[in-house]
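The values are calculated or read from the model by the stated rules, or taken from the named source; none is laboratory data. Being a predicted model, the structure only gives us computed values, none of them experimental. All Cβ positions, even for glycine, are placed from backbone atoms using ideal geometry, and neighbour counts span all protein chains on display. For the accessible areas, the whole protein counts, side chains as well, though only heavy atoms, and no ligand, DNA or RNA atoms are used. Shrake-Rupley method; radii C 1.70, N 1.55, O 1.52, S 1.80 Å.
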Amino acid sequence: SSTKTAHSDTAVVVGQQYFYVVRAVDTAGVAGDSSNQATVVTQGYAPPPPAGTTLQINEIMYDPVGSEPANEWVELHNPTDTPISIAGRIFEDNIGSFTIPSGYTVPAHGYFVLGYSATAAGGQVDLVYGITAPSIQLSNSGDTVRIRTDTAIIDQVAYLASWGGGETASLSRKF
């Protein structure tokens, strides 16, 4: 039988580098092989917003199969009981920005996909940003994705290529 154990390191400090190695130990205390070392840099890390209070960046496809940046996309999630208007919100990465036009809302407990083109996310895009903001091209080596107002960051995710994702797997946050 196997047991899965999750570990959360909650005492990290912004700007620090951490090294992790995973090693399996059976119930008799016999250790198996260790994983390769994983390096994590907290630069740009911002804690997720409090659950139930605001919009969240939920999933990012920064290195898709096929044409880049045409197939790149970012999914927003509304964890609240009320629809959230995203009109006038600014979607951006480290290079470009896109102001969401009027008329767009993320339903209560729902999702909203921003795609570079209409073919991104298997064609399941709610709003295309690449036509008016071609400079938003999610970097395959790491980037920061934000959703904000004119004066405040609503949510942001800084990612590194070493986290995985790309081709057939997106980066997905766990709250």
* Please determine, by comparing only the residues of the range 136-175 that are β-branched (Val, Ile, Thr) and not in a loop (DSSP other than H, G, I, E, B), which one is most open to solvent (accessible area, probe 1.4 Å). => 153
* Mind listing whichever residues of the range 84-112 are within 16 Å of residue 125 (Cα to Cα), touching a strand residue (DSSP E or B) at 6+ places or on another chain (Cβ under 7 Å) and without any contact (Cβ under 8 Å) to a residue 24 or more places away in the chain? => 104, 105
* Return yes or no: is residue 161 among the aliphatic types (A, V, I, L, M) and touching a residue at least 60 places away in the same chain (Cβ under 8 Å)? => yes
* To do: Hey, could you check the range 60-86 for residues that are in contact with a His (Cβ under 9 Å, 6 or more places away or on another chain) and part of a loop (DSSP other than H, G, I, E, B) and say which is most open to solvent (accessible area, probe 1.4 Å)?
  => 81
* To do: Answer yes or no: is there a residue in the range 140-150 that is among the small types (Gly, Ala, Ser) and out of contact with any helix residue (DSSP H, G or I) (no Cβ under 7 Å at 6 or more places or on another chain).
  => no
* Of all residues in the range 87-134, which are open to solvent by 30 Å² or more (accessible area, probe 1.4 Å), of a type in the set (Val, Ile, Thr) and in a strand (DSSP E or B)? -> 99, 105, 128
* **Residues of the range 63-83 that turn out to be over 13 Å from residue 125 (Cβ atoms) and out of contact with any Phe, Trp or Tyr (no Cβ under 7 Å at 6 or more places or on another chain), as a count** => 11
